[in-house]
Amino acid sequence: TGAIKVVPQTWEKTYFNWMENIQPWCVSRQLWWGHQIPAWFDAEGRIYVAENEAEAQALAGNGVDLTRDSDVLDTWFSSALWPFGTLGWPEAQPSPPSGGEGRQTPDLIRGQTGRGGSAVASQTPPSPFGAGAPRPSPPVGGERVLLSRHYPNDILISGFDILFFWDARMIMQGLHFMKEVPWKILYLHGLVRAADGSKMSKSKGNTVDPLGLIDQYGADALRFTLTAMESQGRDIKLDEKRVEGYRNFATKLWNAARFCQSNGIGASTTLAAPKAELAVNRWIIGEVVETLAKLDKAITDLRFDAMADAIYHFAWGTFCDQYLEDIKGKVDEETKYTAGWVLDQILVMLHPFMPFITEELWHAMGERICDLTLARWPEPQADIDTKATAQLEWLNSTVNACWSARGEMGIPPSAMLDVWVNPEPEFDIELIAAHADILKRRARISNLHLLGHDPDCPPITDALTFAIGVGGVTLIVSTEGAIDLEAERTRITKAIEAISKERDSLASRLQNPAFVEKAKPEAVEKARADHAEKAAEAERLSAALARLG
């Protein structure tokens, strides 16, 4: 038999330490409701424990006045019945294992995963209705009863702080009454803490009201924040800025859907990816396939943060910022089908994290045969087109390089620029021709000239130019009328001097043994991070100055 898999595995040691050093445990509480203690006492204070009052009276003898204990069972103790008590137990008897074989019993207490002990397959537990009593008949249609269908379950997601108080007791009572553990995987998540990492406390006044965050940013944004920050047991430092950022993500998705609607893009009618000839459409279909693979791996590994990261970057960065920008102004029928299909895949993959906005958009995009909750998980039935992927990666990296250079040179975003493209000998110039329109529109280029291949290419007469090397080509960008080159050189030179001074000051502090040895570790770490940041900034500015010549 195998043991329950504990994730993260580091908590398994804590579990066994508690169980192997268990102490006397008070199972009673003075609460208003709960399972009343099955104990009665007489006038002399003698206690009689029994399943019911008649049995207790038989133990005490006829004529002895008995009073039942008014306490109830400790919440954790009685809640240990939850995995099977909520499913009809003991009235609903589990079905025998299929094939006539005993079901293998995962035993966290003593299994074959390095904890010693022998493996014994559990037998079907005896009927709780007594010897010879008939077993309950399954419902009409042969469906199994709830208990046999859902016990044991696959996974319990729990806070690590109740591992011993509740989780262990569910395992103990499951093994006792059901003869097998209640679930196969125990996932222990971290605690939600204040933004500075301290434990939330009313006395400190650092608690966060989730309803307040929902009122301000929406339930979807809060759900996504908690998912994105859940990294297998690490505590979550709940920063309101993160919730605000994911609210903006929801707004981004909403605007993307509105763009699609305004361009005649609606709901998809197929589970499989549509046929596509255009490179931009073949590329985005491949990106869906890759994202789906990331999600499937992440859920298998129980990495909820990785799932959120994959769908976030695909929806925002790949679909909204790249694909929708690429197809602007050229939305043909193929692109309509492709874009509608991709948006549908995003809504399905994002639905577990943001159920409300995705359900709303699901119905807003067209007629549906079911709610999004019931929609099938994506099955693209397509492969990644490596050629299309290489083309679009070159296009997107070139656009990004152009915008980075604009920022470094202080060129206004509205300025239209003349650009000459100087390809390396082995570069496929057809790539430029195929995507010239997209490149010009996204990078704000007025004229794109191909050096050495276009007989009508004008010579470079403007001295106010800078060069960008990217993906097998060099882009020579004219800045005439866009910036004052000399003033820009002066600005960047002064910025380099200022940032270098800060960098050198931090380096001097880090080279001082007195600071490194006596300062708080977090102060030393911050100084190192600041030094690395200033050094990188100085290097970036120096490269920008070199481009100006």
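The values are calculated or read from the model by the stated rules, or taken from the named source; none is laboratory data. Just so you know, these numbers come straight off a predicted model, no measurement behind them. Backbone-built Cβ (ideal geometry, glycine too); neighbour counts: all protein chains shown. These accessible areas exclude ligands, DNA and RNA; they are computed on the full protein's heavy atoms, side chains included. Shrake-Rupley method; radii C 1.70, N 1.55, O 1.52, S 1.80 Å.
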- Enumerate the pairs (first residue in region 416-431 and in contact (Cβ under 8 Å) with a residue 40 or more places away in the chain; second residue anywhere and of a type in the set (Lys, Arg) and open to solvent by less than 40 Å² (accessible area, probe 1.4 Å)) with beta-carbon separation below 9 Å, excluding pairs fewer than 6 apart on the same chain, so at least 6 apart or on different chains. Leu417/Arg406
- Considering region 73-91, residues that are closer than 13 Å to Leu31 by Cβ and open to solvent by less than 70 Å² (accessible area, probe 1.4 Å), and then whichever is farthest from the chain's Cα centre (by Cα), we arrive at Leu73
- Item | Selection count, region 468-492, where residues are modelled with pLDDT under 80, part of a helix (DSSP H, G or I) and buried (at least 16 other Cβ atoms within 10 Å of the Cβ) | 2
- Return yes or no: is Leu395 assigned to a helix (DSSP H, G or I), hydrophobic (A, V, I, L, M, F, W, C) and over 30 Å from Arg258 (Cα atoms)? no
- Taking region 294-313 and keeping only residues that are assigned to a helix (DSSP H, G or I) and either acidic (Asp, Glu) or more than 30 Å from Gln9 (Cβ to Cβ) (or both), one is left with Asp296, Asp305, Asp309
- Residues of region 429-467 being in a loop (DSSP other than H, G, I, E, B), at pLDDT 85 or above and in contact with a helix residue (DSSP H, G or I) (Cβ under 6 Å, 6 or more places away or on another chain), in sequence order, are Ala443
- Item | Among residues of region 302-324, those that are closer than 17 Å to Gln232 by Cβ and either open to solvent by less than 10 Å² (accessible area, probe 1.4 Å) or touching a strand residue (DSSP E or B) at 6+ places or on another chain (Cβ under 9 Å) (or both), counted | 3
- Query: Out of all the residues in region 3-24, which are without any contact (Cβ under 8 Å) to a residue 40 or more places away in the chain and either in a loop (DSSP other than H, G, I, E, B) or within 20 Å of Tyr187 (Cβ to Cβ) (or both)?
  - Reply: Gln9, Glu12, Lys13, Asn17, Asn21, Ile22, Gln23, Pro24
- Message: Within region 138-164, take every residue that is of a type in the set (A, V, I, L, M, F, W, C) and crowded, with 17+ Cβ neighbours inside 10 Å and give me the one that is modelled with the lowest pLDDT.
- Response: Val145
- Message: For the list (1) at pLDDT 85 or above; (2) out of contact with any His (no Cβ under 9 Å at 6 or more places or on another chain); (3) assigned to a loop (DSSP other than H, G, I, E, B), I need the number of the one condition that Gly130 fails.
- Response: (1)
- Note on the structure: Residues of region 493-514 being farther than 16 Å from Ala532 by Cβ, open to solvent by less than 40 Å² (accessible area, probe 1.4 Å) and of a type outside the set (Gly, Ala, Ser), in sequence order, are Ile496
- Give the residue, chosen from Ile432, Ile369, Ile411, that is surrounded by fewer than 16 Cβ atoms within 10 Å (Cβ to Cβ) and β-branched (Val, Ile, Thr). Ile369
- Check on Lys526, free of Cβ contacts under 8 Å to residues at least 24 places away in the same chain and either at positive phi or basic (Lys, Arg) (or both): yes
- Task: Considering (1) farther than 29 Å from Asp154 by Cβ; (2) surrounded by fewer than 14 Cβ atoms within 10 Å (Cβ to Cβ); (3) touching a residue at least 12 places away in the same chain (Cβ under 8 Å), say which one Trp32 fails and leave the rest.
- Result: (3)
- Item | Scope region 35-72; condition outside any loop (DSSP other than H, G, I, E, B), open to solvent by 30 Å² or more (accessible area, probe 1.4 Å), among the hydrophobic types (A, V, I, L, M, F, W, C) and in contact with a Ser or Thr (Cβ under 9 Å, 6 or more places away or on another chain); matching residues | Phe41
- Determine which member of the set Gly366, Gly329, Gly340 is touching a Gly at 6+ places or on another chain (Cβ under 6 Å), farther than 30 Å from Lys5 by Cα, at pLDDT below 95 and not hydrophobic (A, V, I, L, M, F, W, C). Gly366
- Using the structure shown, decide if Lys294 is at pLDDT 95 or above and closer than 22 Å to Tyr187 by Cβ. yes
- Message: Can you find a residue that is over 27 Å from Val181 (Cα atoms) and open to solvent by 60 Å² or more (accessible area, probe 1.4 Å) anywhere in region 7-29?
- Response: no
